[in-house]
Ligand SMILES: [Zn+2]
């Protein structure tokens, strides 16, 4: 009896906490068992269903294909997305949205972090974080792709991150998955005190043709020679192995935007230093290059096929940027 009362008290405390932390609507969704919250989810889902068939996927291999295939739809996508955002203004103001998470395979809250892109708009690429799995727009989208590749569970997988939820999910579906971080003060291929493997992706310690799948997320812009990094990742892949990469591209340009040059151990800033967040370094990571389409052309020397996949879906929370260009990632086969 006493324990029942304690549990009850704890539950009430939790409810009060949730209400303060997340607001009333969110509380209703958190308590999914309540019929009223079910009704709310139903209404919101119905609202979304208008956009149910608005799923776009474009696969291109070059800048000219991007210009002729993706660009013509950007105005339409921008209009649709703005229409949706306007129709759901109230919910959006609560810094949340509801959609189908393809990682969790259920309707979920997508939290909207207050991050902005260069033009001061919401940076949709890095937000819409699922309330269950914690993965954002770009991460959920890549995750879905990796699952769709139907690579066997025993596959050897390397991912250039170790201290992220994304790594833990990968480890779950590929038990042999190896993840690493970059610690400049530790020898390459060795582990730090916490047992975390150190790898410099421009000089991987692995033997040739070891992996079936290599995943590299938002790292290439932070290395001073991305060509070296790509050829290293290609080297450690088996023949027919797959590389999945995400990197912010300068889509309107063929040439790379070189922001920092590294020569003889010295950094030279060509443009104003740009820093991105880094989970293991609160000082962030310096950007060396924002690659243009010349990076994709370089990859054609290394890989048999290279696809740049653009995905847009309001229902699944894959939102486009402020210009109506969907989010994207690269898939290459050796
Ligand atoms: Zn999820």
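From the list 167, 158, which one is assigned by TED's automatic domain parsing to the domain that holds residue 237, more than 14 Å from the ligand (Cβ to nearest atom) and part of a strand (DSSP E or B)?
158
(1) closer than 27 Å to residue 65 by Cβ; (2) touching a helix residue (DSSP H, G or I) at 6+ places or on another chain (Cβ under 9 Å); (3) outside any loop (DSSP other than H, G, I, E, B): which one isn't true of residue 324, the others all being true?
Answer for residue 324: the failing condition is (3).
Going residue by residue through segment 283-294, is there one that turns out to be on the phi > 0 side of the Ramachandran plot, at pLDDT below 95 and surrounded by fewer than 21 Cβ atoms within 10 Å (Cβ to Cβ)?
Within segment 283-294 (the criterion being on the phi > 0 side of the Ramachandran plot, at pLDDT below 95 and surrounded by fewer than 21 Cβ atoms within 10 Å (Cβ to Cβ)), the answer is yes, since at least one residue qualifies.
Find the residue count for segment 176-225, including only residues that are touching a strand residue (DSSP E or B) at 6+ places or on another chain (Cβ under 6 Å), under 16 Å from residue 285 (Cα atoms) and without any contact (Cβ under 8 Å) to a residue 12 or more places away in the chain.
The qualifying residues number 0.
Being part of a loop (DSSP other than H, G, I, E, B) and touching a helix residue (DSSP H, G or I) at 6+ places or on another chain (Cβ under 9 Å) is the filter; apply it to segment 124-150 and report the residue that is farthest from the ligand (Cβ to nearest atom).
Just the residues of segment 124-150 that are part of a loop (DSSP other than H, G, I, E, B), to begin with: 127-128, 131-136, 149-150.
Those still in the list that are touching a helix residue (DSSP H, G or I) at 6+ places or on another chain (Cβ under 9 Å) too: 127-128, 131, 133-136.
Values: 127: 14, 128: 10, 131: 7, 133: 3, 134: 7, 135: 6, 136: 10 Å.
Among those that are part of a loop (DSSP other than H, G, I, E, B) and touching a helix residue (DSSP H, G or I) at 6+ places or on another chain (Cβ under 9 Å), it is 127.
Given the condition at pLDDT 75 or above and within 16 Å of the ligand (Cβ to nearest atom), answer yes or no: does some residue in segment 85-97 qualify?
yes
Given the conditions (1) within 16 Å of the ligand (Cβ to nearest atom); (2) part of a helix (DSSP H, G or I), which single one is not true for residue 75?
So the condition that residue 75 fails would be (1).
For residue 104, only one of the following conditions fails: (1) within 22 Å of residue 246 (Cα to Cα); (2) in contact with a helix residue (DSSP H, G or I) (Cβ under 8 Å, 6 or more places away or on another chain); (3) within 16 Å of the ligand (Cβ to nearest atom). What is its number?
(2)
A quick yes/no check of all residues on (1) more than 30 Å from residue 177 (Cα to Cα); (2) touching a strand residue (DSSP E or B) at 6+ places or on another chain (Cβ under 8 Å); (3) at pLDDT 90 or above; (4) surrounded by 15 or more Cβ atoms within 10 Å (Cβ to Cβ):
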| position | (1), (2), (3), (4) |
| --- | --- |
| 48 | yes, yes, no, yes |
| 58 | no, yes, yes, yes |
| 103 | no, yes, yes, yes |
| 118 | yes, no, no, no |
| 121 | yes, no, no, no |
| 138 | no, yes, yes, yes |
| 149 | no, yes, yes, no |
| 158 | no, yes, yes, yes |
| 161 | no, yes, yes, yes |
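The values are calculated or read from the model by the stated rules, or taken from the named source; none is laboratory data. Predicted model, so just to flag it, every value in this text is computed and none were measured. Please note: Cβ atoms are built from the backbone with ideal geometry, for glycine as well, and neighbour counts cover all protein chains shown.
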